[in-house]
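Student: Just dropping this structure here.
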Amino acid sequence: MLPDTHLIVGDIQGQEFLEELPPDFVGKCNKIFSNAALHWCSKDPLAVLVNVHKILEEGGLFVAEMGGHGNVAGTELHSEYSSVS
């Protein structure tokens, strides 16, 4: 793992998620990355975004990868990806 990088596993859809984090995480993270997980958060998708916002520091970056089959069909990205694969 990269230095100063933390892996957090949990259900980000509820308030209890924030309560389980170390206090120095809330409002202090400069980057959050989600890999092919957000589509599973159907219980409370708005809570996911609210919690991400609370965890990020001001100006922080949230990157969510959701590249399932057909997600980028018809886009320039899709045509570039297809030529690589």
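Computed from the coordinates by the stated procedures, all read-outs in this text should not be read as laboratory data. A quick note: this is a predicted structure, and the numbers were derived from the prediction, not measured. Reconstructed Cβ throughout: ideal geometry from the backbone, glycine too, with neighbour counts over all protein chains shown.
Student: State the Cα centre-to-centre distance between the range 1-26 and the range 27-55 in whole Å.
Tutor: So the separation of the two Cα centres works out to 10 Å.
Student: Based on the alpha carbon coordinates of the range 8-53, what radius of gyration and maximum Cα-Cα distance (Dmax) apply, in Å?
Tutor: When restricted to the Cα atoms of the range 8-53, Rg and Dmax are 10.3, 28 Å.
Student: Obtain the nm distance between the two label points defined at Val26 and Asp11 by a simple spin-label model: each point lies 7 Å from its Cα along the Cα-to-C-beta direction.
Tutor: Going by the 7 Å Cα→Cβ label model, 1.9 nm.
Student: Now, a different point. Packing-wise, with mean Cβ within 10 Å as the measure, how do 12-21, 47-56 rank, highest first?
Tutor: Taking the mean over residues of other Cβ atoms within 10 Å, the ranking is 47-56, 12-21.
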